[in-house]
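Where a number appears in this text, it was derived from the coordinates with a stated rule and is not lab data. Bear in mind that the values here come from a model prediction, so they are computed numbers and not experimental data. Cβ placement follows ideal geometry from the backbone for every residue including glycine, while neighbour counts extend to all protein chains displayed.
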Amino acid sequence: MREVSRSAVNPIRNGMSNLFTTFNGMEFDKPLYFFTLPGFILMAGGLNMSLNLIMAAYPGGSFDMGSAIGVFLLTLTGIFMSFTGILLHSISRLIRYKKINCESLRTR
């Protein structure tokens, strides 16, 4: 029978470290992929659903208020995610620019 070796790292600490590394990568390395792209997809889906909802209610049909609220929230979430991704991308590039300039000034 083969023995399985145990890790010396606490599993909770290791899991939290992996989680923070993932969040740090999402926030600073690729915010356009993780926030802006899904935000645009949600926003486009919400706008498409709102047009379908309006077209269904236009020729004398009933207007479903629950679906309208859901579509509004979907579109609003997409807009906020898109702006968040764009802002995080700009801020992370500014931080990297400042860090590079500070390091170059120290080496002179």
key: Rotationally averaged projected area of the chain (alpha carbon convex hull; nm²)   = 14.0
message = Compute the angle between helix 65-107 and the longest alpha-carbon principal axis of the chain, please, reported from 0 to 90 degrees and rounded to the nearest 10.
response = 30
Simple Cβ-charge dipole of the chain, Lys/Arg +1 and Asp/Glu -1, about Cα centre, in debye nearest 20 = 760
message = I want to verify a result. In a Gaussian network model of the chain, Cα cutoff 10 Å, which of these has the top mean-square fluctuation: Ser67, Ser92, Ser50?
response = Ser67
